[in-house]
Amino acid sequence: MDKPKLVSGFSKLSKRGKIGWLVENFFKNPEEVARELKSFWYGDEQKQKIFDEFSENTITNFYMPYGLMPNVLINDKVYCVPMVIEESSVVAAASSAAKFWLDKGGFKTEVISTKKIGQVHFDWKGDVRKLYKLFPQFRERIFEETSYITCNMRKRGGGILDMELLDLSHLEDNYYQIQMTFETCDSMGANFINSILEETARQLKLFVAEQTSFTEQERDLTVIMAILSNYTPECLVRATVECPVADLGTFDEGRISAEVFAEKFVKALRIAYVDKYRATTHNKGIFNGIDAVVLATGNDFRAIEACGHAYASRTGEYRSLSFAEVKDGVFRFWLEIPLALGTVGGLTTLHPLAKRSLEMLGNPSAPELMQVIAAVGLAQNFAAVKSLVTTGIQKGHMKMHLMNILNHLEASEKEVKEAILYFKDRLVSFTAVREFLNLLRLPAKSGAWSAKNSKI
Ligand code: MEV
């Protein structure tokens, strides 16, 4: 049996030391792997240090493509949107949707609300009426006792909005909660909210212990945890596109009329509403666009995803996040999604490219970024469903797939042109492309081959 590859004091090793341990223990060609890992370091040591310090035990950087979605018309303002995503076709699809809607009025967006939520969960045994009676007093105390944390945010128009005592003992024995709502302006606000919640939890324990009208048992409260909720259904934004059906034009080289397209599109959206298998893929398509901009702007894509999927389940069934209708000859397509974002603080200021992304977007406020990202999600969704109800998605995907295979097989410019022509109406697979190139690369005298004249 192999010696177990355990290590102690790993975090204290230098970066080179960590790479050394890794390659010696897990790779057959340690020197080559070490060289490769180091080849992804920044040339500039100062910049590299910034990345190393974002996380722990870092040894190198993992690159992702950074692309652009230009010509996005939102509320009469044109944006060039940065997208970080590894999946081919996503940026191209979003960009084509942006272009499609550019001369049809673009995207109209609106922030519905910007409230964030935090909770103090606690265990308590006693007469709950006593707690409710004293709650207004406790509430006042919290506004006062947390003012050292909230003062700057209040100057910017934010802070604690409200707090409520919830009796949840019907769900779990002795379970109560203080639910607080916050306005965090342009910051995502996680540190702000969590600091207030922890102070509230501390004060809560002290407060009940001070109550002389409480029994001994009632004076003893156990705080289970204090943490923000990533479910923010009231940090909500809507993005819409609409135009007369006739303005949609025709699809699939004129084979599909605007009316048929609109009808199929609306039906596809209804299917995504009623069928959770389709809804999941449908929403995944929306998040292809949303996550890419969330990442590019240094925001927390896990929080955004978790919240989006929880919101999609708010009726008790997992459903689509977008909707479509045709009414009085007008096609309307919209998305409503909670997006808790920040444009100041955290990675948004530390990551050099996140900073550039925000600059490219005109240094938006958090509500403006919510609108840009919702519009991208809608564009992405439009592109996907448009492909699905017309040509299918493989046509577009295969083109990108073909280019990836051709690059991998080091095809020349001439070979690429021949291959694009040949695979226009044929199924792309790695084997088919390799065989095609092999034939193409046969010496001229063995029967030079051309895609144009080919019968295979
Ligand atoms: C692929 O990443 C996303 C799609 O599957 C989304 C959809 O089906 O709507 C194309």
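The values are calculated or read from the model by the stated rules, or taken from the named source; none is laboratory data. Note that the structure is predicted; figures quoted are calculated from it, not measured. Cβ sites come from the backbone with ideal geometry, for glycine too, and all protein chains shown count toward neighbours. Ligands, DNA and RNA are stripped out before the accessible areas are found, and what is left, the full protein with its side chains, is counted by its heavy atoms. Shrake-Rupley method; radii C 1.70, N 1.55, O 1.52, S 1.80 Å.
Some points to look at:
- Within the range 391-415, tally of residues that are more than 30 Å from PHE261 (Cα to Cα) and either buried (at least 16 other Cβ atoms within 10 Å of the Cβ) or more than 16 Å from the ligand (Cβ to nearest atom) (or both): 11
- Flag for GLU317 being more than 20 Å from PRO82 (Cβ to Cβ) and in a strand (DSSP E or B): no
- Remark: pairs (first residue in the range 374-391, closer than 19 Å to PRO364 by Cα; second residue basic (Lys, Arg); Cβ separation under 9 Å; 6+ apart in sequence or on different chains) = ALA374/ARG238; ALA375/LYS108.
- Among residues of the range 25-41, those that are assigned to a loop (DSSP other than H, G, I, E, B) and within 23 Å of SER8 (Cα to Cα), counted: 2
- Residue that is farthest from the ligand (Cβ to nearest atom) [pool: residues in the range 267-309 that are among the hydroxyl-bearing types (Ser, Thr, Tyr) and part of a helix (DSSP H, G or I)]: TYR273
- Filter pass, LYS130 being among the charged types (D, E, K, R), surrounded by 13 or more Cβ atoms within 10 Å (Cβ to Cβ), touching a Gly at 6+ places or on another chain (Cβ under 9 Å) and over 30 Å from MET64 (Cα atoms): no
- Selection count where residues are under 13 Å from SER229 (Cβ atoms) and touching a residue at least 60 places away in the same chain (Cβ under 8 Å), scope the range 143-183: 4
- Taking the criterion of being in contact (Cβ under 8 Å) with a residue 60 or more places away in the chain and either touching a His at 6+ places or on another chain (Cβ under 6 Å) or open to solvent by 60 Å² or more (accessible area, probe 1.4 Å) (or both), the only residue of the range 273-297 that qualifies is LEU295.
- Count of residues meeting criterion [within 13 Å of the ligand (Cβ to nearest atom) and of a type in the set (S, T, N, Q)] in the range 72-114: 2
- Which listed residue, of ALA239, ALA226, ALA246, is open to solvent by 10 Å² or more (accessible area, probe 1.4 Å), outside any helix (DSSP H, G or I) and either modelled with pLDDT of 95 or more or at positive phi (or both): ALA226
- Taking the criterion of being assigned to a helix (DSSP H, G or I) and open to solvent by less than 30 Å² (accessible area, probe 1.4 Å), the residues of the range 416-431 that qualify are VAL416, ALA419, TYR422, PHE423.
- Considering residues of the range 353-390 that are more than 16 Å from the ligand (Cβ to nearest atom) and not in a helix (DSSP H, G or I) only, the residue most open to solvent (accessible area, probe 1.4 Å): ASN363
- Annotation: THR200 fulfils all but one of (1) crowded, with 20+ Cβ neighbours inside 10 Å; (2) of a type in the set (Ser, Thr, Tyr); (3) in contact with a His (Cβ under 9 Å, 6 or more places away or on another chain); the unmet one is (3).
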